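The values are calculated or read from the model by the stated rules, or taken from the named source; none is laboratory data. Since we're looking at a predicted model, the values are computed, not measured. No Cβ is skipped: glycine too gets one built from the backbone with ideal geometry, and neighbour counts run over all protein chains shown.
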């Protein structure tokens, strides 16, 4: 059995598989109907026979009052039920009937009926469009993102999209407009492109304070990116192959721990992609997650012939289970907030890492001993084998400039039943 809910705002019917929540709501609705009918029966039959001589107009007035009370009771119950359903389901849908909602957003979010009816394998009757649940809290900004001329050029609003992503509105809705094209003048062929500086002309600099890579190299953008756009004269071409401290592991040493079984990997918050480039030199394919915070990281990584993935760490990784041989995470793993947030992230990392695969924790900054102990307990929960484990100190080049405790480790995922 399933339940049918009609949404007046967009005129579409949405079918949902029956759940404990929907069953509870149905029972409450039935109870409400029975109650109001009993109330109506009482209203029409409670007058004693001695009052039958009252004027006909007074009877109509009395009935009208009772009917009004019944309608008010029904309205109150419906509002209570709607609120209870939202609380039971744990989310609030985007109200498309609100004013100033872009028409393109309404069209995108409408369900599309399957041409052959119900699908026998999945049980669905329509294709629903995917959009992040926090988009409800950013409806005005989302509507701005979806305001454009259909089949025309997209507005130069990538910063709006990134702001939505960082606020949890992820994934974003698709759009029917043409993105701005940048002529990729001066791109190098692969693998020469891995360690050649990228031309400024290959990047869209709108929305950024710096308008060149020379400007960016003079800034300390993050712990993963200090002069990280200088591939020739900077430190990038030495990272992962030459250690500055005991916490800097070398890729050849890590690959040796994998016993030759490292072919594809995943790099979380990988800066300008130098880890992926170093691994590409060793015939290992790496996917790098990054956002364009203060710099065109995605365009720079792709110009090197590497694979950038434009998602936040709050996004469930769009990969199937047990697919990666190696996953590397640096200081980007520190997402802050409640410890449960880090647990969700770690469980997703564990999900996509195959049994026997390596998890490389690279210079994770521990703000204090309590944080280090919490991370250690979390790692031990997964039962990983500690192949390398080094705790040391490193200067915070981006923040205070003081020495901070860092943890570097190479862990091997166990095989579980």
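Tell me, which strands (runs of 3 or more DSSP E) lie completely within region 237-338 with 3 or more residues that are in the same structural domain as residue 374 (by TED's automatic domain parsing) and farther than 27 Å from residue 203 by Cα? Break it down into steps so the answer makes sense when it comes.
Working: elements: 264-268, 285-289, 307-309, 324-329.
Strands (runs of 3 or more DSSP E) meeting the threshold: 324-329.
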Exercise. What about residue 234, is it free of Cβ contacts under 8 Å to residues at least 24 places away in the same chain, closer than 23 Å to residue 394 by Cα and touching a helix residue (DSSP H, G or I) at 6+ places or on another chain (Cβ under 8 Å)?
Worked result: yes
Exercise. Would a scan of region 217-227 turn up a residue that is modelled with pLDDT of 90 or more, in a helix (DSSP H, G or I) and closer than 28 Å to residue 396 by Cα?
Worked result: yes
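Criterion first (closer than 13 Å to residue 224 by Cβ, in contact with a strand residue (DSSP E or B) (Cβ under 9 Å, 6 or more places away or on another chain) and surrounded by fewer than 19 Cβ atoms within 10 Å (Cβ to Cβ)) does residue 293 satisfy it? Give the derivation first.
Values: closer than 13 Å to residue 224 by Cβ: yes; in contact with a strand residue (DSSP E or B) (Cβ under 9 Å, 6 or more places away or on another chain): yes; surrounded by fewer than 19 Cβ atoms within 10 Å (Cβ to Cβ): yes.
Against the criterion (closer than 13 Å to residue 224 by Cβ, in contact with a strand residue (DSSP E or B) (Cβ under 9 Å, 6 or more places away or on another chain) and surrounded by fewer than 19 Cβ atoms within 10 Å (Cβ to Cβ)), residue 293 qualifies.
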Problem set entry | Breaking point among (1) closer than 22 Å to residue 358 by Cβ; (2) without any contact (Cβ under 8 Å) to a residue 12 or more places away in the chain; (3) touching a helix residue (DSSP H, G or I) at 6+ places or on another chain (Cβ under 6 Å), for residue 227 | (1)
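From the list 153, 173, exactly one residue is touching a strand residue (DSSP E or B) at 6+ places or on another chain (Cβ under 7 Å) and either over 16 Å from residue 103 (Cβ atoms) or at pLDDT below 95 (or both). Which is it? Steps first, answer last, please.
Details: 173 fails: touching a strand residue (DSSP E or B) at 6+ places or on another chain (Cβ under 7 Å).
Going through 153, 173 in turn, just one is touching a strand residue (DSSP E or B) at 6+ places or on another chain (Cβ under 7 Å) and either over 16 Å from residue 103 (Cβ atoms) or at pLDDT below 95 (or both): 153.
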Exercise. When you look at residue 198, is it within 19 Å of residue 275 (Cβ to Cβ), over 28 Å from the mean Cα position of the chain (by Cα), in contact (Cβ under 8 Å) with a residue 60 or more places away in the chain and assigned by TED's automatic domain parsing to the domain that holds residue 322, yes or no?
Worked result: yes
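Conditions tested, residue by residue: (1) more than 26 Å from the chain's Cα centre (by Cα); (2) free of Cβ contacts under 8 Å to residues at least 12 places away in the same chain; (3) over 23 Å from residue 318 (Cα atoms); (4) surrounded by fewer than 18 Cβ atoms within 10 Å (Cβ to Cβ).
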| residue | (1), (2), (3), (4) |
| --- | --- |
| 354 | no, no, no, yes |
| 358 | no, no, no, no |
| 370 | yes, yes, yes, yes |
| 374 | no, no, yes, yes |
| 383 | yes, no, yes, yes |
| 386 | yes, no, yes, yes |
| 393 | yes, no, yes, yes |
| 410 | yes, no, yes, no |
| 416 | yes, no, no, yes |
Problem set entry | Candidate set: region 241-256, residues that are farther than 11 Å from residue 388 by Cβ and touching a strand residue (DSSP E or B) at 6+ places or on another chain (Cβ under 8 Å); chosen: the one surrounded by the fewest Cβ atoms within 10 Å (Cβ to Cβ) | 245
